[in-house]
Structure formats: structure tokens, C-alpha cells
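A short worksheet on the structure shown next.
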Amino acid sequence: MFLQKLKDISTFIFDVDGVLTDGTVQVTDNGQGLRTFNIKDGYAMQLAVKKGYRICIISGGDGLGMAKRFSNLGIVDVFLGAGDKVGIFKKYLTDNNITAEEVLYMGDDIPDLKVMKLVGLPVCPSDAVEEIKAVSKFISPYAGGKTAVRDIIEKVMKVQCKWHDEHPNAADSSK
């Protein structure tokens, strides 16, 4: 059942804090939040974009550094400072003419729960909260910010025979 679901995925939606990061935010004296992203997750995301997958970021967090990171990876559908994740999700489906069944959503905490109940394939990192694990169809063996995103993108792309990159560029994931 899980492998069949992977074959249907055209769109990845990711939360940021606790999924693409380990959930730690360092705060500078001027109040700016600093996050650490994993380069292997970045490689997988930019490759997925190159191969025609939609990647969407929906996060309650915000910051210029986050926006720049996603832009550099070729991700254009970025919703930061999101209060209503369900509303953004539903509008995204309508705007892009996609069904919930073709969406994989990776979340880690309570603000992700309602959206995860609506998508075709809800998944989470190994360190997600129990409520999220309970609704997930796959729990990555990797923690948030520690290649959980790479893990699920790679699984989808391998099942769909799209993982190999004919012309890899080492700079793509470090932008």
C-alpha cells in the first residue's frame, strides 16, 4: 500500500521547523532567528524540482534567510508566517489543479495535524510528536533536519524511476 502511494505523488509539501531543521532556532541580539538546514535535503529538493515535482513550503516560521534558501533551490511556492495551513493547502490545490491524493505532506507537530489528515500521504520525521506519528503512513528513521526530507523524496523518486541525475552539480544543494 505504501509503495503504491509513492507512485501517485506529484507534489511534496514540507513544514520547516522540525522537518527541514532540527527545530532549534538561534536568536540574535536584534531578534533574528537563525536556522540550520541539511545540504542533503537541499540536494533532493532541487533535484525533485528539476524532475518536475511541485515542492511547496508551508511554515508558521518566517525569515529572509528561509525565503532565500528555498528560492536558491528553485522552490517558488513558499508560504512563510502561515497561520492557516489548511486554508493555504486548499488554495494551493485549487490554484495548481491537483488533488489531495497526489500530495505528500511532511510535518512534525500539532500545527501540521489538520493538513496531514487531508493529504494522500502524510509522513513525518522520527522525532515528530505522537499525534503526528499516529496519522502518518510513514515515519522516516531520520529526525527533522537530519535528512528525513531527503529520505522521503528519494523513496518517491526511486519508485518512479526519477532519482538519477544525468548532470549533477555539487553547487545545486549548497545555495
Going by average Cβ density within 10 Å per residue, which order do the peptides 141-151, 127-137 take, highest to lowest?
141-151, 127-137
Would you calculate a helix-derived [θ] at 222 nm for the chain, using -39,500 (n - 2.57) for each DSSP H run of n ≥ 4 and dividing by the full residue count, to the nearest 500?
-9500 deg cm²/dmol
Gaussian network model of the chain, springs between alpha carbon atoms under 10 Å - residue of C56, C124, C161 with greatest fluctuation
C161
Within a Gaussian network of the chain (alpha carbon springs, distance under 10 Å), most fluctuating of S140, S71, S59
S71
Starting from the amide H of V119, placed 1.01 Å from N in the peptide plane, find each other amide H under 5 Å away whose residue is 5 or more places distant or on another chain.
none
When the chain is fully extended, how far beyond the present Cα-Cα distance does E131 get from K158, taking 0.36 nm per residue of separation?
6.9 nm
3J(HN,Hα) from dihedral phi, segment 8-17, Karplus parametrisation 6.51/-1.76/1.60, rounded to Hz, x for glycine, proline
8, 7, 10, 9, 10, 10, 10, 6, 9, 5
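Want the number for I110 to N72: 0.36 nm per residue separation, take away the alpha-carbon distance, what's left? The partial results should precede the final answer.
Details: separation 38, 0.36 × 38 = 13.68 nm, distance 2.87 nm.
Gain in length upon complete extension: 10.8 nm.
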For A100 and D62, what does the FRET efficiency come to when R0 = 30 Å and r is the distance between their Cβ atoms, rounded to the nearest 0.05?
0.70
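So what is the relative contact order for the chain, in percent, with contacts set as C-alpha pairs under 8 Å and at least six apart?
It rounds to 30 percent for the chain.
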Q26 neighbourhood, Cβ < 13 Å, K/R = +1, D/E = -1, net charge -2
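Greater than 26 Å separation of Cα atoms is the criterion. Which listed pairs, K7/K51; K85/K158; K40/K91; K114/K158; K114/K155; K51/K155, meet it? Don't jump to the answer; show the numbers that get you there.
Details: K7/K51 14 Å; K85/K158 29 Å; K40/K91 30 Å; K114/K158 28 Å; K114/K155 24 Å; K51/K155 14 Å.
From K7/K51; K85/K158; K40/K91; K114/K158; K114/K155; K51/K155, over 26 Å: K85/K158; K40/K91; K114/K158.
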Per-pair calculated FRET efficiency, R0 = 30 Å: H167 and V25 via Cβ, rounded to 0.05:
0.25
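FYI, it's all coordinate maths here, none of it is from the lab. Since the structure is predicted, the reported quantities are computational estimates derived from the model, not experimental observations. Note that each Cβ is placed from the backbone with ideal geometry, even for glycine, and that neighbours are counted across all protein chains shown.
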